[in-house]
Every structure is written in C-alpha cells, then in structure tokens.
1. What are the residues in the range 210-235 that are at pLDDT below 90 and either farther than 22 Å from Tyr46 by Cα or polar (S, T, N, Q) (or both), if any?
2. Going through the range 106-140 one residue at a time, which ones are in contact with a helix residue (DSSP H, G or I) (Cβ under 7 Å, 6 or more places away or on another chain) and either small (Gly, Ala, Ser) or under 30 Å from Phe13 (Cβ atoms) (or both)?
3. So if I check each of Leu136, Leu103, which one is outside the structural domain of Asn24 (by TED's automatic domain parsing) and either touching a residue at least 40 places away in the same chain (Cβ under 8 Å) or over 20 Å from the mean Cα position of the chain (by Cα) (or both)?
4. Taking the residues in the range 19-40 that are in a loop (DSSP other than H, G, I, E, B) and buried (at least 22 other Cβ atoms within 10 Å of the Cβ) as candidates, determine which candidate is nearest to the chain's Cα centre (by Cα).
5. Would you be able to say whether some residue in the range 47-68 is touching a residue at least 60 places away in the same chain (Cβ under 8 Å) and in a strand (DSSP E or B)?
6. Hey, does the range 82-99 have a residue that's of a type in the set (Gly, Ala, Ser), within 28 Å of Lys208 (Cα to Cα) and not in a loop (DSSP other than H, G, I, E, B)?
7. One residue is enough: does the range 185-202 have a residue meeting the conditions of a type in the set (Ser, Thr, Tyr) and assigned to a helix (DSSP H, G or I)?
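The values are calculated or read from the model by the stated rules, or taken from the named source; none is laboratory data. None of these values were measured; they are calculated from a predicted model. For neighbour counting, all protein chains shown are included, and Cβ atoms are generated from backbone atoms with ideal geometry for every residue, glycine included.
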Amino acid sequence: MACDTGYEGPLVFVMGPTGVGKSNFASRLSDFFPLEVINVDSTSVYKGLNIGSGKPNKKILTATPHHLLSFCDLSDTYSAARFRSDAIKAISEIRAKGKVPVLVGGTGMYFRMLERGMAPLPRANAEIRRNLQSLLKRNGVEHLHSILSKLDPLSAERINPNDPQRIIRAIEVCRVSGTKMSLLIQVSQEPLSMPPVKLVLTLRERAKIHERVSLRFLLMLEQGFINEVSELRRSNKMFRDYSALYSVGYKQVGEFLDGQISHQEMIEKAIIATRQLAKRQLTWLNREDRSVWYEWSQPDKNIKSVLKYLAERSVIA
C-alpha cells in the first residue's frame, strides 16, 4: 500500500482500446488512493498533439499529476527504448512520494518493453535508411508496409500502417541484423522485478466500441481538431517529415487540408482508421498474460470489483 515512506507494491497498468475511457478510469481511482499517472501513448508524448491524441482534459490533469505527457517536440524521435528509460525514472519518483504509479494508455509495445525489458537493437544504418526514405517518397507508406509484411508479419501487424518512421525502423532492423524485429523484442533484458497488476478495460460488444470511436472523433472536430492540425502545419515547416502527424486522425485531417478528400470522406476515413487501431489493440491485449479484463459499460458497478482486486494484489489497503 502507499505510505509516507515510499510505495513498494506492484505497478498498475491500465490498458484498453482507444476511446474506452482509460484516463477517466485512472481519475476515478485517484478518488480512492494516492496515485500519479504515467502516459503510455506514443502520440500524447508530443507537444501540440492535444485534441487528436485524446489527451486528458484540464480537470483530470489538475486533479492528478501526469508524467510523460506533452514533452516531446514533433521533430523528436520517441521510441520504446526511450519510453522505458523515462518511465523507470518517473516510477522511481512516484514511489518515493508514497504514491502508486499507474501507467495508462494504448501503446502495447511500451507496456511490453517496460514489463519484460528489451534486447539491444542494432544501430541505425544511414545507407539503408536513405534508401528506404527514397522509396517512401517515390511509392508511399503503403508500399513500405507491404515490404515489412513480407519481412516480418508480426511487426507489420503491430505497427500502424501510416507510421513511416516505425515501419522504416522495423525494416532496417531486419536488414541489419538478419533477424525479425518481432523476435528480437521478445528477448527479455532487465524485466520488472515485480509483475505488474494489469487491468484491461473493454466493451463486450464490438458495436459499442465502434459507436464510441465515431462519437469521439465527431467531438474532436467540435473541439477544433482541424484548426489544431492547420496550426501545427503552419508552425512546422517540416511537418511532412514528422511521423506523429501521420498518426490516426491527424493523417486524415491533413489529407482534407491538402484537398485530397472531402470533409465527409475525412470523417469516414478517420473513423475507419480508428476502428482498425482499436482492433489491433484488442488483438495485442488478447496476448497479454496475467491480465484482468473489465467490462466498462457500467463503471459505477465495476469500480468496486477493481478496488477489491487491487487490495488483493497489495496495491491498496
């Protein structure tokens, strides 16, 4: 349990598909015991990506301290290895305060690397990277993703098809090491000393997830998502080189601003892409061991069972 002399219990992972309500859930937990949140989302780490990344609102951020949120420039390359290093530092600081570190997000690879550790990956190869960048400009990200699908199907399934930076890195690792990246990252190095408590939030009916995804994107538009992307593009001359602006939602709004698709097509494509992301996240989560799943359509009812489980696992008294 948390105490003034430091928290020594297990970490808490709050996982789930996009739009299920993970941030709100963590905020609810803070009403029952002292905690601080560590962001586990590869888009929310960036400054300026606010509406489209679904960052917690001001009320939640004011009530509960958050770490690893909005601290990277768009030009930064943020990786699972860097996340692991940053997260371990944040965990130590939170524990020292006698609070529970609660890691919240939807980037499965970050959770996996923190829990299991990671094998050292080969360094970047400038020549291979230049060739892949040229291929990207000539044939597009879909072509690169098809190459990765042949070299390393598991990595292709895991990586967002619209994320050229990570696709290029996965192909590079394969070509430099002669081994699939998906195999290399399964090799544990310095795993956590204590297994985390893994809570997975979901909605039993897939249609409910789809409904939330649709409503969530429409709400983002009402909140000024298009203006956010427009301003990011105006203030970042090299925006086409920043992989974060090719993430789900941002890519489709960018295509609309470029006149490639209509407003309605933007909405339809963004919702479809977000549903596909949720499907990939659920596929990943189904492979997580020692995880406890909670149906989150009735949060008031289920919060009691969550707290009971946390007490059984010595997170709270």
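1. Ser235
2. Scanning the range 106-140 gives Gly106, Gly108, Met109, Tyr110, Met113, Leu114, Met118, Ala119, Leu121, Pro122, Ala124.
3. Leu136
4. Val40
5. For the range 47-68, residues touching a residue at least 60 places away in the same chain (Cβ under 8 Å) and in a strand (DSSP E or B): absent.
6. Taking every residue of the range 82-99 in turn, none turns out to be of a type in the set (Gly, Ala, Ser), within 28 Å of Lys208 (Cα to Cα) and not in a loop (DSSP other than H, G, I, E, B).
7. Within the range 185-202, none of the residues are of a type in the set (Ser, Thr, Tyr) and assigned to a helix (DSSP H, G or I).
Quick grid of which residues meet (1) over 23 Å from Leu282 (Cα atoms); (2) in contact (Cβ under 8 Å) with a residue 40 or more places away in the chain; (3) in the same structural domain as Leu277 (by TED's automatic domain parsing):
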position: Leu132; (1), (2), (3): yes, yes, no
position: His145; (1), (2), (3): no, no, no
position: Pro153; (1), (2), (3): no, no, no
position: Asn160; (1), (2), (3): no, yes, no
